[in-house]
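The values are calculated or read from the model by the stated rules, or taken from the named source; none is laboratory data. No experiment lies behind these values; they were computed from the predicted model shown. Neighbour counts are summed over all protein chains in view; Cβ atoms, including those assigned to glycine, are modelled from backbone coordinates with ideal geometry.
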Amino acid sequence: MSLVKNVGTIGGLTALSRVFGFARDMLLARVLGAGAAADAFQLAFILPNTFRRLFAEGAFSVAFVPMYSRRLHSDEGEEAANRFANDTLAVFVWVLLGFSALAMLAMPGIVWLLAREYQEVPGKFELAVTLSTITFPYLGLVSLVAMLSGLLNARSKFAPGAFVPVLLNIVLITGLGAGFYIGHTGGSEAAIATALAISVPAAGVAQLSYMAWAVRKAGVHLRITRPRFTPEVKRLGMLILPATFGAGIYQISQFVDTFFATSLPQGSLTLLKLADRLNQMPLGIVGIALGTAILPMLARHIQTGDTREAQRLQANAVEMATLLTLPAAAALAICAPAFTTAFFVGGKMTATDGLIMGQIVMALVAGLPAYVLVKVFQPAFFSREDTKTPVWIAGGALIVNIAINFYVVPRYGIVGLAGATAFTSTLNVLTLYTILQARGWFHFTWKLAGRIGRQIIASAAMGAVLWLLVPLMADRYGASVVERVWSLAVLVGAGAIVFFAVAWIIGAIDKDLIAQLRRKRAAKTARPSE
């Protein structure tokens with residue numbers, strides 16, 4: 001039950017962040033379109049964020065949280081946990097400063113490796129280097145945010161860490177507002193992109209300030225001391241190295257996708273990233289919430305030897321993941337042209353760009369269930385401090401991804417690139433599950449398989465209705481704001497009603513779980529008057 005509650009807390013705040021992020025990208029599309037400045041900013045934003053997801057929220061979190069949680073629940077309790085956190089912070093700060101400084105000095109080379117084709121457009125390469133140098137300090141700031149978030153997650157305080165992305169998007173929207181003003185007063189697109197880039201590290205300062213306050217409010221007192229490589233810190237480092245690869249196949253693929261996308265016609269990188277925003281809505285809300293909530297809970301069950309509860313927890317997580325991602329993938333695939341036109345076309349974003357973006361969305365969401373399920377399966381390894389096995393799996397999937405890209409990108413362009421990502425992500429998650437089952441750490445039960453089968457039936461029923469509805473309102477998706485909102489509301493409403501009605505009738509939704517939730521909510525309501 002606590003999994004449902006924690007996922008609801010994280011998912012709700014992540015959904016709020018995704019709404020703000022969506023608003024940010026809608027404004028970005030209209031202000032910069034899919035031109036040279038937009039591509040340069042997208043690259044500059046990709047670099048610190050991919051490193052952040054790979055190291056801070058990926059490798060660091062999956063290694064730090066179980067170790068911190070173990071000390072927190074040991075005989076020494078708070079004292080041991082605080083000592084470990086302070087030792088980690090003392091080393092982590094200097095590593096971040098050193099890495100960020102080296103990366104900023106090497107930025108021309110990094111941009112050249114990822115986007116050498118930018119040199120063919122006058123000023124584009126230089127702008128990308130400048131913007132990337134401005135945004136990269138965000139990595140150090142947000143990595144410290146991730147550490148503080150992991151510390152609170154281990155204490156089952158998930159709300160602050162889930163809220164900080166909202167601050168990022170609020171500050172970036174403010175930066176876009178400044179850029180919009182610059183554009184209206186005669187400023188160039190490069191000036192608009194620069195204003196937006198400056199808002200990225202500014203957002204990092206706001207996020208770190210908020211998390212420092214949240215940690216202090218939770219009664220945790222951290223301080224930066226002289227760096228000491230204690231045995232615990234060394235062990236953390238040994239776990240982080242393989243986890244960097246194993247936890248970050250999706251992030252590493254982002255670098256691979258960026259390399260190939262920058263070799264395609266101008267605007268391809270921007271269209272890919274905006275299309276991924278639609279894909280990231282369910283992925284972020286469900287995947288991040290499940291992955292964040294399940295890791296400390298699973299670690300506790302494994303430490304106490306309660307394998308039955310560990311199996312139940314993972315099964316519930318899989319069921320929740322598929323219940324939300326299967327219909328989301330079907331709806332996004334069918335409604336992609338409508339969504340991309342209604343949300344992004346306007347200003348400097350053309351209708352042709354919107355149609356290409358829709359095709360990219362259709363290819364990306366084919367792997368949506370896999371993107372989320374990997375967040376459920378990987379904690380089963382990390383909670384046992386096995387970060388090596390996912391390395392080999394991720395390495396194999398990445399090699400396959402690169403090989404496929406060399407074939408499909410020249411033939412199918414940016415859509416082929418998105419499809420290759422979806423395929424290799426599915427391959428990755430299937431391999432993870434095969435090994436989990438072979439080791440006896442998790443297995444699909446007939447009950448779980450039957451539930452997922454019924455979810456597929458409900459998704460198919462919803463898909464059939466949407467397939468009929470989408471063409472009927474084709475002229476409205478690019479019309480006035482009112483018509484855009486009205487037409488999308490019809491699609492979303494009809495899809496949701498059909499899916500949940502069919503799912504309830506055929507038993508795709510766990511009615512016992514809902515009944516338990518209602519009883520628990522009723523008990524909470526009654527308790528104050530007792």
Please identify the pairs in which a residue from region 79-102 that is assigned by TED's automatic domain parsing to the domain that holds Arg155 has its Cβ atom under 9 Å from the Cβ atom of a residue that is of a type in the set (Gly, Ala, Ser) and surrounded by fewer than 17 Cβ atoms within 10 Å (Cβ to Cβ), counting only partners at least 6 apart or on another chain. Ala80/Ser74; Ala81/Ser74; Val91/Gly237
Condition first: out of contact with any Asp or Glu (no Cβ under 8 Å at 6 or more places or on another chain) and at positive phi. Can you find one or more residues in region 491-508 that meet it? yes
Among the residues of region 77-93, are any modelled with pLDDT of 80 or more and farther than 16 Å from Val220 by Cβ? yes
Could you tell me whether Lys375 is touching a residue at least 24 places away in the same chain (Cβ under 8 Å) and within 22 Å of Gln280 (Cα to Cα)? yes
If you go through region 406-422 one residue at a time, do you hit one that is surrounded by fewer than 17 Cβ atoms within 10 Å (Cβ to Cβ) and more than 30 Å from Phe255 (Cα to Cα)? no
Determine if region 452-462 includes at least one residue that is in the same structural domain as Gln280 (by TED's automatic domain parsing), of a type in the set (Gly, Ala, Ser) and over 26 Å from the mean Cα position of the chain (by Cα). no
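Have a look at Trp441, Trp467 and point out the one that is in contact (Cβ under 8 Å) with a residue 60 or more places away in the chain, out of contact with any strand residue (DSSP E or B) (no Cβ under 7 Å at 6 or more places or on another chain) and buried (at least 19 other Cβ atoms within 10 Å of the Cβ). Steps first, please.
Working: Trp467 fails: buried (at least 19 other Cβ atoms within 10 Å of the Cβ).
Of Trp441, Trp467, the one residue that is in contact (Cβ under 8 Å) with a residue 60 or more places away in the chain, out of contact with any strand residue (DSSP E or B) (no Cβ under 7 Å at 6 or more places or on another chain) and buried (at least 19 other Cβ atoms within 10 Å of the Cβ) is Trp441.
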So which residues in region 277-316 are hydroxyl-bearing (Ser, Thr, Tyr), farther than 22 Å from Leu148 by Cβ and at pLDDT below 70, if there are any at all? Thr304
In region 305-413, which helices (runs of 4 or more DSSP H) lie fully inside it and hold 2 or more residues that are over 22 Å from Asp276 (Cβ atoms) and of a type in the set (Val, Ile, Thr)? 307-344
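Could we say that Phe343 is over 18 Å from the mean Cα position of the chain (by Cα) and buried (at least 24 other Cβ atoms within 10 Å of the Cβ) here?
no
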Out of region 346-378, which residues are surrounded by 24 or more Cβ atoms within 10 Å (Cβ to Cβ) and touching a Lys or Arg at 6+ places or on another chain (Cβ under 8 Å)? Met349
Tell me yes or no: at least one residue of region 41-49 is modelled with pLDDT under 85 and out of contact with any Pro (no Cβ under 9 Å at 6 or more places or on another chain). yes
Members of region 384-396 found to be buried (at least 24 other Cβ atoms within 10 Å of the Cβ) and over 12 Å from Leu436 (Cβ atoms), listed by number: Ala394
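For (1) surrounded by 13 or more Cβ atoms within 10 Å (Cβ to Cβ); (2) in contact (Cβ under 8 Å) with a residue 24 or more places away in the chain; (3) not hydroxyl-bearing (Ser, Thr, Tyr), each residue gets a yes or a no:
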{"residue": "Arg451", "(1), (2), (3)": "yes, yes, yes"}
{"residue": "Ile456", "(1), (2), (3)": "yes, yes, yes"}
{"residue": "Gly463", "(1), (2), (3)": "yes, yes, yes"}
{"residue": "Pro471", "(1), (2), (3)": "no, no, yes"}
{"residue": "Ser480", "(1), (2), (3)": "no, no, no"}
{"residue": "Ala489", "(1), (2), (3)": "no, no, yes"}
If you check Ser69 against the conditions, is it polar (S, T, N, Q), at pLDDT 70 or above and crowded, with 24+ Cβ neighbours inside 10 Å? yes
Are any of the residues in region 189-202 under 27 Å from the mean Cα position of the chain (by Cα), within 17 Å of Met147 (Cβ to Cβ) and buried (at least 17 other Cβ atoms within 10 Å of the Cβ)? no
Tally the residues that are within 27 Å of Trp504 (Cβ to Cβ), assigned to a helix (DSSP H, G or I) and not basic (Lys, Arg), restricting the search to region 418-454. 6
